[in-house]
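Pasting a structure here, questions to come.
Only the coordinates and a few stated rules stand behind these numbers; no lab work does. It should be emphasised that the depicted structure is a prediction, and the values quoted were computed from it without experimental measurement. Neighbour counts run over all protein chains shown; Cβ positions are idealised from the backbone, glycine included.
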Amino acid sequence: MHQPNQEFVTDREVTPIKCPLCESPHIEALNLGRKTGRVIGTATGAAAGVAGTIGGAETGAAIGVVAGPLGVLAGGLIGALIGGVVGAAAGGSVGANVGSYVDDTLLENYHCTTCGHTFGKDAQ
Ligand SMILES: [Zn+2]
């Protein structure tokens, strides 16, 4: 517990990283994996959510039965909608985390704006 303010690199944080070639501190994180992961995760999550909404739609329809035929229709639609939205949000979050891991471990995630050199986390 001697490091209560452990540092995490985020999108907005100015990284104290220097270019391994010209030692310029003007470095930007590309985060390509994170961005790509979020997009893919959102799309996949939405698809999975909609697929999973067969359950949600059924639950909604079952609740709607009490309100009659219109209730079944409305309940099914709401169930499908919620499944898609929740799936997209969860998928985007997971995708961003996976992409972040890829950024940190596999890609040359840093770009020197002074000399144009790109380098990975371990190259500093
Ligand atoms: Zn440089």
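Considering the options 101, 69, 39, tell which one lies farthest towards the positive end of the dipole of the stretch 32-123, charges being +1 on Lys and Arg and -1 on Asp and Glu at the Cβ, about the Cα centre.
Going by the charge dipole, the pick is 69.
If the convex hull of the alpha-carbon atoms of the stretch 32-123 is projected onto planes in all directions, what is the mean projected area in square nanometres?
6.8 nm²
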